[in-house]
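Please treat every number below as a calculation from the coordinates, not as lab data. Quick caveat, the model's predicted, so the values are computed rather than measured. As a convention, Cβ positions derive from the backbone with ideal geometry for all residues, glycine included, and neighbour counts pool all protein chains shown.
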């Protein structure tokens, strides 16, 4: 923003929320990739606490569509929240991954870190209003190509 102010450069600022999809690194430490890798390898899926903390997950194609729409308009610089406001508990995510992978993995619980947020959900009101954008890919739908990608990567590795 300072560079924009000082130099008059045309910019856009996006706040990215939890995003997932094919081409993620298997060992990036994110919850979606962790759960998929654990399930595909038949390992137990680790959940911290009871898994009732919620997260929202935006499929990569939806995120890119939001970027493109923001870049192609001139009214708002940002910051603009781009993410999926649909919330799922971490336990629900683990159950979805197990179901879609057909894994026999069990869910195990570890101690919940004190600094683990109970909720993460973007407010995309501005994106809806200014860009006419909102995510269209459901978590169930987006997990399919993501799981297929990880299955391929793990079988090649």
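Please give the helix 139-156 orientation as an angle from the longest Cα principal axis of the chain, in degrees from 0 to 90, rounded to the nearest 10.
Roughly 60 degrees, rounded to the nearest 10.
Does segment 97-157 classify as rounded, prolate or oblate by the C-alpha gyration tensor (a ≥ b ≥ c root eigenvalues; a/c under 1.5 gives rounded; else a/b over b/c gives prolate, otherwise oblate)?
Cα axes put segment 97-157 in the oblate bin.
Any idea what the relative contact order of the chain is, in percent, if you count C-alpha pairs under 8 Å spaced at least 6 apart?
34 percent
Between segment 80-150 and segment 11-42, how many Å separate their Cα centres?
10 Å
FRET efficiency for residue 92 and residue 123, Cβ-Cβ distance as r, R0 = 25 Å, nearest 0.05?
0.70
Please rank 124, 82, fewest neighbouring Cβ atoms within 10 Å first, as an exposure proxy.
Going from sparsest to densest Cβ surroundings: 124, 82.
Under a GNM of the chain (C-alpha, springs under 10 Å), which listed residue has the highest mean-square fluctuation: 143, 93, 114?
Answer for the Gaussian network model of the chain: 114.
Regarding segment 1-141, what is the average projected area of its C-alpha convex hull, in nm²?
9.8 nm²
What is the angle, in °, between the Cα long axis of helix 60-71 and the longest principal axis of the Cα atoms in the chain? Nearest 10 is fine, range 0 to 90.
For 60-71 against the chain, the angle is about 10 degrees.
Multiply the residue gap between residue 61 and residue 75 by 0.36 nm, knock off their C-alpha separation, and tell me the result in nm, one decimal place.
Length gained between residue 61 and residue 75: 2.7 nm.
Between residue 9 and residue 144, what is the label-to-label distance in nm when each label sits 7 Å out along the Cα-to-Cβ direction?
4.1 nm
With 10 angstrom as the radius, rank 140, 61, 115 by how many other C-beta atoms surround their C-beta, starting from the fewest.
With the fewest neighbours first, 140, 61, 115 line up as 115, 140, 61.
Sort 35, 150, 67 by Cβ crowding within 10 Å, fewest neighbours at the top.
Starting with the residue having the fewest Cβ neighbours, the order is 67, 150, 35.
Going by alpha carbons, how many degrees (0 to 90, nearest 10) lie between the helix axis of 90-101 and the longest principal axis of the chain?
Orientation of helix 90-101: about 70 degrees from the principal axis.
Between residue 99 and residue 44, what is 0.36 nm times their sequence separation minus the Cα-Cα distance? Round to one decimal in nm.
Between residue 99 and residue 44, full extension yields an extra 18.4 nm.
For residue 151 and residue 109, what is the calculated FRET efficiency with R₀ set at 30 Å and r taken between the beta-carbons, to the nearest 0.05?
FRET efficiency, residue 151 to residue 109: 0.70.
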